[in-house]
Structure formats: structure tokens, C-alpha cells
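**Q** One structure, as C-alpha cells, below. Some questions next.
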Amino acid sequence: MKIIEWNCRYGDFQGKKTAILEHKPDILVVPECENIVSLTFHNGTQPSAMEWVGDSVNRYGIGVFGFNGYCFEKLGSCDHVKYFGAFRAFRGETSLTLLVAWANKTGSSEKYHEIVEEAIKHYDQLLQKDKVLFIGDFNTPGTGNNLDNPKIDKPNSYLKKHLEIVETLKNKGLESVYHCKNEEEHGHETTATLFYCGCQEGRFHCDYCFASKDMREALTGSEPVKIGEFDVWKKDSDHMPLIVDFNL
């Protein structure tokens, strides 16, 4: 099973989707996606299932797409964290719990890490199941060798809060597949998932796929976790796709 997460930035997934669909995902998670009612698919790319998490048809949300027979059963939502959702993703005898994330501030006083923490509390029981993926744009950057970036307000504070989230998820059995496979520490990533506003100096690692132990053990191939390259994706988004392959 190939799962891809890609923040397409400012909507218009309709106009950008061709490039990501060339990577042939089984499941595709798209933060900042317009409502799926406006999407059309051609040339054999029609999803087998589509879901959308959001609070207004006129605003961005998260598009969740199944291909190659993958379907979804909605497991819940939360009014306090509008851009997080929970699904059972399944095809035949294969089934897993999929939680999707886009930490999006809806008020000036909100902080990204607080939104993620609220979601973790709300979905606590689901996060502790077998075969769990918690994937999306968390906006809680490990900052990727960028701790001294003057654009970041109190970067050490950001990292501290992020590490608290990482530890909370680890206690529930979930760890980031990128960090596990690359043996890198949070806050010292060698590869960024976000080049803020398309600037190469604004490097962050804030897109994650946290997986339960059984899912981590199912990672397959010589390079099961890949991140898109800036020069390839910069025309469509300042986020790079996160591509993960599992043997399911």
C-alpha cells in the first residue's frame, strides 16, 4: 500500500493533482484541499472513494482519496479540531485506522501544538489500536537544521513543544516513519517537507506519518519513505509530498 500526504497549498487541487497522481497512490491525503464536490477526474484516475474534512464548502479542508479499491468508513470528527478526521481504510481483508491532520489556526490566540495536542486527546482510543497511521501537516516543526532561523519566534520553544508531542505519541506506540527509517532525531532532519513561501532558506520538517509498530514493521522496499524534491514541486506548493510504502 502506497500512502501519500501532500499539502497542495491554497486549494486548487483540481489544477495540481496530475503531478501527484502520477505517483499512483493507494491512499492520498491532501491538506488545504478544496471541497471534493468540485473535483473531477479523468483518464482512469477516478478514486474508488473520497472524503473531505472541513467546516465550510468555501474554505480549504483535507481531501482523503482512495484508489485501487481502497474505501473509507468515517470513525469520527471533533468540533474543537476541525481539520482532523478519523477513518477506517480498507480493501478486501486489509484494514487500518487512518487519522488525518492539518493543524490550521482558526483564531489568533491558537497555537499549532495546542491544536495537535487537543486532537491527540480526542482520538486517544483510536491512536492506541493496531494498524494505525496518523498522517498530515502538523505544523509543529522539528525545523530541520533550522533552529537559528531568525524568522522563527522562539525556535527552541517550538522544538520543545514538538518533542512533547512526539513523546506522547511514542507512549501510545506511534513513531514517525521518516525518523525511524533515516535514524534522525526530531529537530535535526536532513530533509525538509516545507519550504515556507517557496523559500529555500525557510526549511521546516512538519509533515509526518506516525505509525504503530505493526505498520512500521510493514514498511517495504529499499526506500520506503520518500520526500519530494523542491525543484520538482515548488511550482505547485511549498510543501513536498511524503510518500510511504507498506507491505499490506
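The numbers here are math on the coordinates, done by the rules we state, and not lab data. Everything quoted here is computed from the prediction, not taken from an experiment. Glycine gets a Cβ as well: all are built from the backbone with ideal geometry, and neighbour counts include every protein chain shown.
**Q** What size of dipole, in debye to the nearest 20, comes out for the chain about its Cα centre when the only charges are +1 on Lys and Arg C-beta atoms and -1 on Asp and Glu C-beta atoms?
**A** Values: 28 positive and 37 negative charges, 63 e Å.
Roughly 300 debye, rounded to the nearest 20.
**Q** Among Glu110, Glu223, what is the fewest-to-most ranking by other Cβ atoms within 10 Å?
**A** Final ranking by Cβ density, sparse to dense: Glu223, Glu110.
**Q** How high is the relative contact order of the chain, in percent, with contacts defined as C-alpha pairs under 8 Å that are six or more residues apart?
**A** Working: 542 pairs, mean separation 45.2, N = 248.
With pairs under 8 Å counted, the relative contact order is 18 percent.
**Q** May I ask you to compute the full-extension gain from Glu93 to Gln200, defined as 0.36 nm times their residue separation minus their alpha-carbon distance, rounded to one decimal in nm? Don't skip to the answer; put the middle values down first.
**A** Details: separation 107, 0.36 × 107 = 38.52 nm, distance 4.32 nm.
That works out to 34.2 nm of additional length.
**Q** Moving on. Summing Lys, Arg as +1 and Asp, Glu as -1, what charge do residues with Cβ under 15 Å from the Cβ of Gly173 carry, Gly173 excluded?
**A** That works out to 0.
**Q** At what distance in angstrom do the alpha carbon centres of segment 108-130 and segment 76-107 lie from each other?
**A** Result: 11 Å between the Cα centres.
**Q** May I ask you to compute the full-extension gain from Glu114 to Gln128, defined as 0.36 nm times their residue separation minus their alpha-carbon distance, rounded to one decimal in nm? Could the numbers behind the result be given before it?
**A** Values: separation 14, 0.36 × 14 = 5.04 nm, distance 2.01 nm.
The span from Glu114 to Gln128 would gain 3.0 nm if fully extended.
**Q** Put +1 on the Cβ of each Lys and Arg and -1 on the Cβ of each Asp and Glu in segment 2-245; which of Asn139, Gln200, Met50 then has its Cα farthest toward the positive end of the dipole?
**A** Positive-end residue among those listed: Met50.
**Q** So, one more: Segment 211-248 to segment 4-48: how many Å between their Cα centroids?
**A** Here the answer is 16 Å between Cα centres.
**Q** State the answer as a single residue: which of Met215, Val64, Ala101 lies farthest towards the positive end of the charge dipole of the chain, with beta carbon charges of +1 for Lys and Arg and -1 for Asp and Glu, about the Cα centre.
**A** With unit charges placed on the Cβ atoms, the residue in question is Val64.
**Q** How far apart, in nm, are the 7 Å Cα→Cβ label points at Asp214 and Asn43?
**A** Spacing of the two 7 Å Cα→Cβ label points: 3.8 nm.
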